[in-house]
Structures are given as C-alpha cells and as structure tokens.
Amino acid sequence: MVPVPVPMPVVPAAVLAKRRRTRQLTVGSVGVGSEFPVSVQSMTTTVTADVNATLQQIAELTAAGCDIVRVACPSQDDADALSAIARKSQIPVIADIHFQPKYVFAAIEAGCAAVRVNPGNIKRFDDKVREIARAARDHGTPIRIGVNAGSLDPRLLAKYGKATPEALAESALWEASLFAEHDFHDLKISVKHNDPVVMIRAYELLAEQCDYPLHLGVTEAGPAFQGTIKSAVAFGALLRQGIGDTIRVSLSAPPVEEVKVGHQILQSLNLRPRKLEIVSCPSCGRAQVDVYTLAEQVTAGLEGLEVPLRVAVMGCVVNGPGEAREADLGVASGNGKGQIFVKGQVVKTVPEHQIVETLIEEAMRIAEEMDQDTHRQDDPNPPGHESTQVNP
C-alpha cells in the first residue's frame, strides 16, 4: 500500500518585532517607511560623469535586486550627468552630495529620486536649508540627512570630544529641525559609524526622539567578510527592535555583493520573502560524507534559482532526517548513500555520487511546478474556465 502524503501545514513566518512607526515617503517608485518593506540600497563605484559606465553598473545592481542606488556627485561634470542617469535608470537614483551646496540644487533639478546631504561638510549648510527645502518641495524630492562619524560637524566634535552616539543623533536631529522650521518633513536620516556598538546606540537614540524613516549603515565596514559580519550584527540588533527602513551594507567589494548580503540579512530575519536557502550541517565526527563539498556543489548548481526553496544538505543520521523533512527538498546522507526528501517524504535513495545531481534535478522540478502554480493563480481564465465576457 502506497502511503498517502500528508500536506505540511502552512505556518506564517515568524517576525522578530513590529516595525517602528514612521512617517512615509516615496523615493521614486519605492515607498520608504514603516508601511513598506525594508529596502536594499547600494552605491555605484564608477565616475558618475561616465554615464554609460554608471548606467551599466546600475543595471547590474538592478539585476541583483537593488531597490535604490546612490551615485556620487563631487564635481560639475558629475552633476551634469545626473539628468541622463536618473532618466535612464530602472531604479530610483539618489545623488550623494558633499562640500558644495550648489550640487544639491543641481540634483533636484536633474530629477533625482532623492538627495543625500552631509551637513557636516557642506559649506554653510544651515544657511541653505530654506532654499533646499523650497526646491525639494517644489520637485517632490525627499532629502536624506546623512551624518557620518568621519565628517561630523566641528561644533559637535568640540562639544562631545568625539563622534559619540549622542553627537551623531544630535547632529541629525538638529538638521531635521531646521527643515521642520520650513515645514519640510520628507526626510530620511542616517547616522553611520564604523563601530557597530556606537552605530546601534545612535539609531536607538534617533528612534526614541523622531518618527522619520531611518537608513541603516555601518560606514567603512571593511572587506567583504568583516563588513558582512559588522553589518549583520548591527542590522540584526536594530531590526530586532523594529528600527530601520532602508539598509546599505558597505563593503570593500563590488556593489553587487553589498546587495546580495543585504537581501540575505533581510531574508534571514523574515523581512523579505525567502528565495533559495541552503541548510547544511557544519559537519562533525559523525558525518559519513563530505558535507562541505556537497553543500558547495548544490549551491553552485542552483545559483540563480529565484523560487522560495529551502534545500537541506545533511551529513549524518542524528539531525539529518529531521532537517531534511522540514525543508522543501533535502538529503540525509550516510553509509555511502543519501535519502532524498521532498516536502517531508522520502522519494528515493541514491548512491553518494548521485546526491548532487539528484538534488539539482528535484529542485528544478519543484521550481517548475511552483512557477506553473504561480502562473495559474495569475491567470484570470485558467483552462476549463469559460469567460463570461460578451462581445459588443
């Protein structure tokens, strides 16, 4: 008698905390604030004046899932290029402005989706707030007040002695209050520091004292490995409290890597729909197969798969069967063979040398079925359904 598969219950994804309630704003086509998903940002590394190179990198970031992109604007040539870049980019473009206030107005006029200003190093910034607020309001352009530990206002450095959490928060709130005096509130705030502990506390202080959306970032986080750890720790601590509306993982690595890490952080916290997830054991003396190689080969074979699929690659009989049953697809390995699980049911047992090939085949089959199910749900007139539309 063939056992009848028992459907696994659908359990809503656990969420660490309710999002902190914020004002809502729109950055181009992307909503920012507590009513919208946490968005992932990155920044181009090209010379902005090189329009083609910049648009090419933006296209790569878009393909990787970047929601919003920032471009540097340190020169007039860069400012002149903003209009074409903002017009042709498939995702909203934020102009990043330092030192020269005239580029703030140029970016607004160019149609950028938002402008990031660093009040600590823009000449006589406070004197320009009225004009910036007027121009931004007229064009519907949000402003990000981006405070950095490395370029803090000298007045606050003198007051606090260094870039403390209190100094960072006070700088941002002071600038926000100047915009508020001119009834401009389409603001997003960031207070970045290279020390995650200082950064976390600065954002906590901001969250206690304002309702503006907050952009999270650990500045100068470092090379890929170190920067990923710093960002994951800092973002996790804040998102655990519902703090954070956009994120940027700052890495000394290609920008696409920032986007990948950002998405993975959000997916790990159930703040983004999960896509492909490989669950694999760390291996130990009980393992009877090379788990490292199996996991790497399965990951490489499924690279680019977009469906929400959890694949478990397990190396022994202690936790293996249980983890494999919990996954959409999994293998519990041992004694030179592997039991292949699909939706909690053992579907076949294969020799060790066929495990990777079988997992990839099953994953592709499941992905195709999921894709077909999605298309059926989207089709208003599925097969067998007669349209009630009457021709005129």
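The values are calculated or read from the model by the stated rules, or taken from the named source; none is laboratory data. Keep in mind the model is a prediction, meaning the values are calculated, not measured. Counting neighbours? That spans all protein chains shown, and the Cβs are built from the backbone with ideal geometry, glycine included. With ligands, DNA and RNA removed, areas are computed over all heavy atoms of the protein, side chains included. Shrake-Rupley method; radii C 1.70, N 1.55, O 1.52, S 1.80 Å.
Looking at 304, 336, 281, which one has the Cα that reaches farthest to the positive end of the dipole of region 276-371 (charges on Cβ: Lys, Arg +1; Asp, Glu -1)?
The one lying farthest along the dipole's positive direction is 336.
Note the full-extension length gain between residue 343 and residue 370 as 0.36 nm times their separation in residues minus their Cα-Cα distance, in nm to one decimal.
8.4 nm
Amide H of residue 243: which non-local residues (sequence gap of 5 or more, or other chain) have their own amide H closer than 5 Å, using H built in the peptide plane?
Counting only residues 5 or more places away or on other chains, the set is 20.
Please give the contour-minus-distance gain from residue 185 to residue 166: 0.36 nm per residue of separation, less the Cα-Cα distance, rounded to one decimal in nm.
Details: separation 19, 0.36 × 19 = 6.84 nm, distance 2.20 nm.
Gain on stretching residue 185 to residue 166: 4.6 nm.
State, to one decimal in nm, how far the label point of residue 292 lies from the label point of residue 211, with both points 7 Å from Cα in the Cβ direction.
About 5.3 nm, to one decimal.
Students often forget the sequence filter, so: which aspartates and glutamates lie under 14 Å Cα-Cα from residue 188 once same-chain residues fewer than 8 apart are removed?
Straight-distance partners of residue 188: 96, 175, 211, 245.
Karplus couplings for region 139-148 from phi (6.51 cos²θ - 1.76 cosθ + 1.60, θ = phi - 60°), rounded to Hz, Gly and Pro as x?
9, x, 9, x, 10, 9, 7, x, 8, 10
Within region 97-138, which trypsin sites (Lys or Arg not before Pro) sit in a loop by DSSP and count at most 15 neighbouring Cβ atoms inside 10 Å? If you can, show how the numbers build up before the last one.
Numbers: sites: 102, 116, 123, 124, 128, 130, 134, 137; in loops: 123, 124.
For trypsin sites (Lys or Arg not before Pro) across region 97-138 that sit outside H, G, I, E and B with at most 15 neighbouring Cβ atoms in 10 Å, the list reads 123, 124.
Taking the Cα-to-Cβ direction at residue 197 and at residue 17 and moving 7 Å from each Cα, how far apart do the two end points lie in nm?
Label-label distance for residue 197 and residue 17, simple model: 1.9 nm.
Taking a probe of 1.4 angstrom, what is the accessible area of residue 361 in Å², to the nearest 10?
Ignoring ligands and nucleic acids, residue 361 comes out at about 100 Å².
As I understand it, the value is the acute angle between the Cα axis of helix 255-268 and the longest principal axis of the Cα atoms of the chain; what does it come to in degrees, rounded to 10?
Taking the Cα atoms of the chain, the angle to 255-268 is about 60 degrees.
At 1.4 Å probe size, put 109, 352 in order of accessible surface, largest to smallest. Present the calculation step by step, with values, prior to reporting the outcome.
Details: 109 125, 352 70 Å².
Final ranking, largest accessible area leading: 109, 352.
Work out the FRET efficiency for residue 29 and residue 52 from their Cβ-Cβ distance, taking R0 = 22 Å, and round it to the nearest 0.05. Display every interim value, and only then the final one.
Details: r = 23 Å, r/R0 = 1.04.
About 0.45, to the nearest 0.05.
Got a sec? Charge dipole of region 24-269, +1 on Cβ for Lys and Arg, -1 for Asp and Glu; which of 103, 53, 228 is way out at the positive end?
It is 228.
Based on Cβ point charges of +1 for Lys and Arg and -1 for Asp and Glu, what charge dipole magnitude is obtained for the chain about its Cα centre, in debye rounded to the nearest 20?
Details: 38 positive and 47 negative charges, 214 e Å.
For the chain, the charge dipole is close to 1020 debye.
Expressed as a whole percentage, what fraction of the accessible surface of region 276-371 belongs to carbon and sulfur atoms when a 1.4 Å probe is rolled over the protein heavy atoms?
Values: 2330 of 4820 Å².
With neighbouring chains kept in place, the figure for region 276-371 is 48 percent.
Below 19 Å, Cα to Cα, which lysines can residue 337 reach? Residues fewer than 8 away in the same chain don't count.
348
Quick one: which residues, 5 or more positions from residue 276 or on another chain, have an amide H under 5 Å from its amide H? H modelled 1.01 Å from N in the peptide plane, none for Pro or chain starts.
Those qualifying (amide H under 5 Å, at least 5 residues apart or on another chain) are 309.
Per residue, what accessible area does the chain have, given a 1.4 Å probe and all protein chains present, in Å²?
Normalised by residue count, the accessible surface of the chain is 49 Å².
I want to make sure I understand the PRE zone here: with the label point 7 angstrom from the Cα of residue 109 toward its beta carbon, which residues in region 18-62 have backbone N atoms less than 18 Å away?
The answer is 49, whose backbone nitrogens lie closer than 18 Å to the label point.
Counting Lys +1, Arg +1, Asp -1, Glu -1, what net charge surrounds residue 217 among other residues with beta carbon under 14 Å of its beta carbon?
On the way: positive: 70, 116, 144, 188, 192, 230, 248; negative: 96, 195, 220, 245, 258.
Within the 14 Å Cβ shell, the charges total +2.
Under the Karplus relation 6.51 cos²θ - 1.76 cosθ + 1.60, θ = phi - 60°, what is the ordered set of whole-Hz ³J(HN,Hα) values for region 226-233, x standing for Gly and Pro?
After applying 6.51 cos²θ - 1.76 cosθ + 1.60, I find 4, x, 5, 5, 4, 5, 4, 5 Hz.
From largest accessible area down, sort 36, 235; use a 1.4 Å probe on the protein chains. It would help to have the intermediate numbers written out before the result.
Details: 36 75, 235 0 Å².
Output order, biggest surface exposure first: 36, 235.
³J(HN,Hα) across region 172-188 via Karplus (A = 6.51, B = -1.76, C = 1.60, θ = phi - 60°), whole Hz, x for Gly/Pro?
5, 5, 4, 5, 4, 5, 5, 5, 4, 4, 9, 6, 10, 10, 7, 10, 10
Show which aspartates and glutamates lie in cross-link reach of residue 102 when reach means a straight Cα distance below 17 angstrom and same-chain residues fewer than eight apart are skipped.
77, 78, 80, 126, 127, 131, 138
About the Cα centre of region 276-371, how large is the charge dipole given +1 on each Lys and Arg Cβ and -1 on each Asp and Glu Cβ? Please answer in debye to the nearest 20.
500 debye
Return the long-range amide H neighbours of residue 315 (sequence gap of 5 or more, or a different chain), with a cut-off of under 5 Å between placed amide H atoms.
281, 333
Let a ≥ b ≥ c be the square roots of the eigenvalues of the Cα gyration tensor of region 24-269; is it rounded (a/c under 1.5), or, if not, prolate (a/b larger than b/c) or oblate? Walk me through the numbers before you get to the answer.
Details: a/c = 1.42, a/b = 1.02, b/c = 1.39.
Note, shape of region 24-269 comes out rounded.
Lys and Arg at +1, Asp and Glu at -1: add these up for the other residues within a Cβ distance under 11 Å of residue 311 and post the number. Please list the in-between numbers first.
Values: positive: 310; negative: 277, 323, 328, 362.
My count for the surroundings of residue 311 gives -3.
Would you mind checking the tilt of helix 196-209 against the longest principal axis of the Cα atoms of the chain, expressed as 0 to 90 degrees and rounded to 10?
70 degrees
Where the centre of each part is set by its Cα atoms, how far does region 256-272 sit from region 164-211, in angstrom?
Going from one Cα centre to the other spans 24 Å.
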